[in-house]
Amino acid sequence: MNDETLQTWVEQVSLEWFGRPFKHRATFNSRLKATGGRYFTRSHNIEISPHQLEAFGAEETEKIIKHELCHYHLHIMKRGYQHRDQDFKQLLTQVGASRYCRTLPEREARKPKPFKYKLVCGACGMEYLRRRRLDPTRYRCGKCAGKLSLKTLD
Ligand SMILES: [Zn+2]
Ligand SMILES: [Zn+2]
């Protein structure tokens, strides 16, 4: 799906569910990872994460579109358009929008890699944990400048 299709989609959802036209731009932004969508108060534009569509499909993405349109229309009508506002909460329920600018599961699933190695200082015994193998002769101890050796953690 491209930006043109998304634009048409958002315009349709706007008319069908809000009875008002969406007159700005809706685009995909692949850098959006933590949230499914974004509304910009300055430009009135909407951005939707394409990862959203991949992960949850069209039905869930439409709920995100509705959520962003709630921000959009209330903001334009100068009503409470923020998450904490009563107007916003009511409109969300009314149109069946998603409650949150939803967090994608891949983000939650991404854990830091475990440490596999440690550099040990031969002089003072200081240890430095490392995720990747490296050449210990190229480094010195940060505390005493002693020579380091690499050990594998198990
Ligand atoms: Zn929101
Ligand atoms: Zn040292």
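Before moving on, here are some points about what is shown:
- Checking each residue in segment 73-84 for being over 19 Å from residue 11 (Cβ atoms) and either within 16 Å of ligand 2 (Cβ to nearest atom) or surrounded by 15 or more Cβ atoms within 10 Å (Cβ to Cβ) (or both) picks out 80, 81.
Results for (1) within 16 Å of ligand 2 (Cβ to nearest atom); (2) closer than 28 Å to residue 12 by Cα; (3) modelled with pLDDT under 90, shown as yes or no for each residue.
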{"position": "92", "(1), (2), (3)": "no, yes, no"}
{"position": "95", "(1), (2), (3)": "no, yes, no"}
{"position": "98", "(1), (2), (3)": "no, yes, yes"}
{"position": "101", "(1), (2), (3)": "no, yes, yes"}
{"position": "109", "(1), (2), (3)": "no, no, yes"}
{"position": "118", "(1), (2), (3)": "yes, no, no"}
{"position": "123", "(1), (2), (3)": "yes, no, no"}
{"position": "128", "(1), (2), (3)": "yes, no, no"}
{"position": "137", "(1), (2), (3)": "yes, no, no"}
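- Screening residue 84 against (1) modelled with pLDDT of 90 or more; (2) farther than 20 Å from residue 37 by Cα; (3) assigned to a loop (DSSP other than H, G, I, E, B) leaves a single unmet condition, (2).
- Answer residue from segment 13-72, given it is polar (S, T, N, Q), surrounded by 18 or more Cβ atoms within 10 Å (Cβ to Cβ) and more than 22 Å from residue 90 (Cβ to Cβ) and is modelled with the lowest pLDDT among those: 52
- Inside segment 128-148, residues that are surrounded by fewer than 12 Cβ atoms within 10 Å (Cβ to Cβ) and in a strand (DSSP E or B) make up a count of 1.
- Applying a threshold of 9 Å to beta carbon distances and a minimum spacing of six or more residues, or different chains, the list of pairs starting in segment 114-127 at a residue that is closer than 9 Å to residue 141 by Cβ and ending at one that is within 16 Å of ligand 1 (Cβ to nearest atom) is empty.
The values are calculated or read from the model by the stated rules, or taken from the named source; none is laboratory data. Note that the structure is a prediction, hence the values are computed from the model and not measured. With ideal geometry, Cβ positions are generated from the backbone for all residues, glycine too; neighbour counts draw on all protein chains shown.
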